[in-house]
Structure formats: structure tokens, C-alpha cells
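Okay, structure first, notes after.
Derivation of every value follows stated rules applied to the coordinates shown; laboratory data play no part. This one's a predicted model, so the numbers in the text were calculated from it and none came from an experiment.
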Amino acid sequence: MQVDSDLTFTIPGRSEICNGTVNDLSAAGISFNTDEAIEEKTELTVLLTPANNITPPMEARIIVNRVIERGSEFELACEITEIM
């Protein structure tokens, strides 16, 4: 499902919270853009907060399967491994 929503994520070993924009979301995966250079096979924790109050936020663990550099941004294709 095509989605245009913001998300935040954390990278293991780093304390800051990073930002991204969701492109696509399915039951098994998520695709998003970020300005952070993330390596494939990295496990992240993401928090997707919808713009409306009808849908609750979704927190999940994901694994980065593919990274495509697009200028100053990176498009990450990830597998959802756990909904928290």
C-alpha cells in the first residue's frame, strides 16, 4: 500500500532518533527514504505515526534488505520482523 507518512527510527549503537518518509507499507515490509546512510542487513526499530488519530502508531523491528542511493537521500527496502 502506498503511504506518504513520516517515521522515526533508531540505529543500534547510536542514541539519536533519525527521521524518514514512508513510501510503501505491507504486512511483510516497508520502504522509506532517509538522509541516513544505513547498511544492508542492519536491524532498526521504527515508529510510524499516522497523521490522523484514527489509526494507532505502529512500532516494529525491521531488517534493511536493500539500499538505493538517490542523490542526498537513501531509499531503504526493509522486511518487518516483529510488530511491537
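Applying the Karplus relation 6.51 cos²θ - 1.76 cosθ + 1.60 with θ = phi - 60° to region 41-57 yields 3J(HN,Hα) values of 6, 6, 8, 10, 10, 10, 10, 9, 10, x, 5, 9, 8, 6, 9, x, x Hz, where x marks Gly and Pro. Gyration tensor over the Cα atoms of the chain: the corresponding equivalent ellipsoid has semi-axes (square roots of 5 times the eigenvalues, largest first) of 18, 14, 13 Å.
In the chain, Cα pairs under 8 Å separated by at least six residues give a relative contact order of 28 percent.
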